[in-house]
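Right, one structure below, let's go through it.
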Amino acid sequence: MKIHVIIPAGGSGSRFGQHERKQFLTLEGRSLLYRVIQIFHDLPMVAQILVPIPFDEFSRIHDDPESLYHSEKVNYVMGGRSRSVSVYQGFSHLICCEENDVVLIHDAARPLVTTDLINNVINATKKYGVAIPAISVSDTIKKVDDDDVVNATVTRSQLRAVQTPQGFLHKHLLNAYEMLDFRNEKYTDEAMLMEEINVPVKIIDGDKENLKITTPLDLVVAQEILKTR
Ligand code: CTP
Ligand code: MG
């Protein structure tokens, strides 16, 4: 049983609002993408890493002298219009997979993921077939209509904020891609594909520090967290 990793890095970072795409912004001298590649690259059980990136970023990787970017374990493919297409691009370029191998999908925008969390996701995926980390929600969440008027309050104890890495046996992802139109932009993570084909998704404990860099404030918080490590 092998571990294959897809790191979607094909986004434009529109909510971050800077010219530079957020996955190439740096934290203590290393880009978010570099940090994420390094974490997975350092795990001996990882067989290959596929990284979908925007077409016009290929030259950046190509020209970067950093050897990790050019490791034979790491390959780059063209990202797609949506995250789900980018992930599919990575998936379709994986080689030598068997049906019970584990495929991990991890956002380039979550540079603070720990090896403990990755190992927990791998173990739960082996046991349950699909496993994703999540944390409870501390805010009260409201549903609103188009005019920003509240429709309802969602029961907080039933809500979870989902993170990555998300883990799947290869056969489940393959099945989903055969059965669904994964290009549909409604799919904001791959666990949603499982929900549609009725494969149970096991939730495991996430990590509050495994935040996704979405706005500039997140980068400030990430810097502070790194200082404590
Ligand atoms: N992603 C991708 N391909 C896309 C869109 C997103 O590979 N077409 C990746 C991002 O690069 C990121 C991850 O999916 O690592 C999570 O997406 P998100 O945080 O939404 O990043 P962006 O889409 O870049 O940001 P925004 O939604 O603010 O534009
Ligand atoms: Mg996005």
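Among the trypsin sites (Lys or Arg not before Pro) in the range 18-90, those located in a DSSP loop and surrounded by at most 12 other Cβ atoms within 10 Å of their own Cβ are 81. Helical runs assigned H by DSSP (4 residues or longer) give the chain a calculated mean residue ellipticity at 222 nm of -8500 deg cm²/dmol, each run adding -39500 (n - 2.57) before division by the residue total. The range 171-229 and the range 70-90 have Cα centres separated by 16 Å.
Take the Cα of residue 180, go 7 Å toward its beta carbon, and the backbone nitrogen atoms of the range 107-122 under 18 Å from that spot belong to 107. Averaging the sequence gap over all C-alpha pairs within less than 8 Å and six or more residues apart, then dividing by the number of residues, gives the chain a relative contact order of 24 percent.
Computed over the range 3-227, the alpha-carbon pair-distance distribution with 10 angstrom bins reads 8, 32, 38, 18, 4, 0, each value a whole percent. What pairs from 127/212; 126/171; 127/171 go past 23 Å between their alpha carbons? Going by Cα-Cα distance, 127/212 fall outside the 23 Å limit.
Throughout, read-outs are computed from the coordinates displayed, never taken from laboratory work. This is a predicted model, so every value here is computed, not measured. Methodologically, a virtual Cβ is constructed for each residue, glycine included, from the backbone with ideal geometry; neighbour enumeration extends over all protein chains shown.
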